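Take a look at the structure below.
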């Protein structure tokens, strides 16, 4: 019986010119957004690889120079392109994908595409994730708003209801029919996506694609159920359409925006200028504000002289400047770690606060899950930034220790190291969090989406009686 | 020797329905047995359609019960609907589907099985559609043709109860005559038919019994073969003028 209802719905939809037009446009947009995203992704991956190789060769081929100069010369850490970043670019366009690693300072990320965006792009960039989160729900509304309300208006619901078909069966059958019609539009895009992911990233990418597809299927299931239930309850097809469009706008546009603004107001972050000022102040006076730089340097020198039983740094068995620079780095590392952790924790709090909005707008949970699975959420940006920072600290440590251990007391800044030292620094490699880890950081979103699914199932069960007139 | 009276297939017991201040049905009692055509006459708003809607469980009575085969419709709406076929004033069909596809859909849902296409086509032919019309989308069908599809649904379902709500209203005399021929066919197969109508002539011709309703109450009930056309019309008008 379920199959009969589904097959009839499917057949009717396919014969409906409105479906062919609307579906064709959305499927076209999905394909174009996916393919354009993939082409851009591939180009960026190639640019990244080329930049990484050039940077590495330049580093290795540095002429002999002082290690501290080399530390200032610096290195770049480029965030690798995650397999599904072409589906969902997440925070990358805003957070940046490359960091310049140098002595003394932890730099902010650079190369943020959002900074170079044209005015038109500020209205929103069409990505596959955008189509999946915004346009497919709109298409589901267009396909399903008249499922019951339209039948009621045409009088066929009366005929149908007289046959003794349980309401829940009718609802499930209609849901299956709309799903089949949607599959006609989405499956080709999914197959092309799977082929592209397999070509570019292999099995790990496919696993992520599977997880991403599951999340979006669950989301579409929730939307479809709400659409059918509203259609079953509405007095007319027009009322159903207006109600559903209002819900669509609330889910896709209004609530996410309000949630983001409320989260920002509840957990404000400093401006870039304020943040830099805080860091500079702490670098000068210590995190507690009571350890001025000069006093710290004096205390360090006195302590080293006392420990080694000498009266001058020139008498130490190692280069004091190299030693002191490393201690200075460690202090700066502590300051940066403290303030960046504070800032990032704030971003995390904002993300969690936004999730409150998922009570009325499931798209918020889906957005976080989509970015998480695509490897472009803030958590994974932070993971990359932390690994890049650890790499920066280690490479500075090696440079400072080279001076400490190899330079004489009078040649702190004239000592020259050669390519043996440069080559001892391994290339930066980013260990992206696993899919499991990425999902584990989004348990609230997963729970929220699960709760929406349970609610959808309950709504279907609750629909025992549909008014026929 | 004791005679066993078979329980009626359709029975209303003290059926009462109120819409706000309006009493749509007032303790209505009626019963229709197998092979009987019970015609409900009455002006608009007399309660004819509400009665049918109670049997269909589209409307829940405030008191009393509408029973099909001894089962209260409100208590087992799915089970009771399995036994009946419903033909409204205009049978509404899916305009994007052909007559055969419509019948296939409704018959599959009604029987829960997978009906044989050839048999369905035969039901449509029996109902009066031509072979060419079977595969035409019903979007362009006249009302008469749609009613024929409605009859075919009833035939395919093998329903032993027929609920007809002004099924010939607006049909031309030929189509109306054709419809009543099909109704006779269903009656001869043993179906119990309850038909709400304004058509006194057809009620007298096709009905076994006739009930006249006014303001939710059954004001008269008579056997169709015991009254002439003119007397029926006079009786009806008398009640309407009271």
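Here A:160, A:206 are screened, and the one residue that is in a helix (DSSP H, G or I) and either under 19 Å from residue A:138 (Cβ atoms) or within 14 Å of another protein chain (Cβ to nearest Cβ) (or both) is A:160.
Checked against (1) touching a residue at least 40 places away in the same chain (Cβ under 8 Å); (2) more than 9 Å from every other protein chain (Cβ to nearest Cβ); (3) surrounded by fewer than 24 Cβ atoms within 10 Å (Cβ to Cβ), residue B:75 meets all criteria but (1).
Filter segment B:85-109 for residues that are part of a strand (DSSP E or B) and either facing chain A (nearest Cβ under 7 Å) or farther than 27 Å from residue B:144 by Cβ (or both) and give the result.
Filtering segment B:85-109 down to residues part of a strand (DSSP E or B) leaves B:85-87, B:98.
Selection gives B:86 alone.
Test residue A:363 against the stated conditions and say whether it is in contact with a helix residue (DSSP H, G or I) (Cβ under 9 Å, 6 or more places away or on another chain) and at pLDDT 90 or above. Spelling it out, residue A:363 is indeed in contact with a helix residue (DSSP H, G or I) (Cβ under 9 Å, 6 or more places away or on another chain) and at pLDDT 90 or above.
Can you find, within segment B:42-57, the residue that is nearest to residue B:157 (Cα to Cα) among those that are within 13 Å of the chain's Cα centre (by Cα) and more than 11 Å from chain A (Cβ to nearest Cβ)? If we take residues in segment B:42-57 being within 13 Å of the chain's Cα centre (by Cα) and more than 11 Å from chain A (Cβ to nearest Cβ), then B:54 is nearest to residue B:157 (Cα to Cα). Of all residues in segment B:178-202, those satisfying the criterion of being in contact with a helix residue (DSSP H, G or I) (Cβ under 7 Å, 6 or more places away or on another chain) and either in a helix (DSSP H, G or I) or modelled with pLDDT under 90 (or both) are B:179, B:180, B:182, B:183, B:184, B:186, B:200, B:201, B:202.
Please enumerate the residues belonging to segment B:110-119 that are surrounded by fewer than 24 Cβ atoms within 10 Å (Cβ to Cβ) and within 8 Å of chain A (Cβ to nearest Cβ). Full working, then the answer.
Of the residues in segment B:110-119, the ones surrounded by fewer than 24 Cβ atoms within 10 Å (Cβ to Cβ) are B:111-119.
Listed by number, the list holds a single entry, B:112.
Matching residues to (1) within 30 Å of residue B:106 (Cβ to Cβ); (2) touching a residue at least 12 places away in the same chain (Cβ under 8 Å); (3) touching a strand residue (DSSP E or B) at 6+ places or on another chain (Cβ under 8 Å); (4) surrounded by fewer than 18 Cβ atoms within 10 Å (Cβ to Cβ):
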| position | (1), (2), (3), (4) |
| --- | --- |
| A:18 | yes, yes, no, yes |
| A:21 | yes, no, no, yes |
| A:27 | no, yes, no, no |
| A:47 | no, no, no, yes |
| A:51 | no, yes, yes, yes |
| A:57 | no, no, no, yes |
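Suppose we filter A:187, A:230, A:178 for residues that are assigned to a helix (DSSP H, G or I) and closer than 27 Å to residue A:354 by Cβ; which single one remains? Please lay out each step first, then the result.
Numbers: A:187 fails: closer than 27 Å to residue A:354 by Cβ; A:178 fails: closer than 27 Å to residue A:354 by Cβ.
One residue alone meets the criteria, A:230.
Considering B:34, B:46, B:24, the condition of being over 19 Å from residue B:161 (Cα atoms) and part of a loop (DSSP other than H, G, I, E, B) is satisfied by B:46 alone. Of all residues in segment A:29-84, those being over 20 Å from residue A:206 (Cβ atoms) and not in a helix (DSSP H, G or I) number 12. The residues listed here are A:428, A:413; of these, the one that is surrounded by 15 or more Cβ atoms within 10 Å (Cβ to Cβ) and away from chain B (no Cβ under 14 Å) is A:428. Taking residue B:60 as the residue in question, decide whether it is within 12 Å of chain A (Cβ to nearest Cβ), under 18 Å from residue B:8 (Cβ atoms), surrounded by fewer than 23 Cβ atoms within 10 Å (Cβ to Cβ) and touching a residue at least 12 places away in the same chain (Cβ under 8 Å). No; evaluated as a whole, the condition is false for this residue. Looking at segment A:247-311, the helices (runs of 4 or more DSSP H) lying wholly inside it that each contain 3 or more residues that are at pLDDT below 85 sit at A:272-285, A:293-308.
Taken together, B:122, B:133 contain a single residue that is more than 14 Å from every other protein chain (Cβ to nearest Cβ), assigned to a helix (DSSP H, G or I) and in contact with a helix residue (DSSP H, G or I) (Cβ under 8 Å, 6 or more places away or on another chain), which is B:133.
For residue A:143, are the conditions met, namely being modelled with pLDDT of 90 or more and assigned to a helix (DSSP H, G or I)? Explain how you work it out, then say what you get.
Details: modelled with pLDDT of 90 or more: no; assigned to a helix (DSSP H, G or I): yes.
When the stated conditions are applied, residue A:143 does not pass them.
The values are calculated or read from the model by the stated rules, or taken from the named source; none is laboratory data. On a predicted model such as this, the values are computed, not experimentally measured, just so you know. Please note: Cβ atoms are built from the backbone with ideal geometry, for glycine as well, and neighbour counts cover all protein chains shown.
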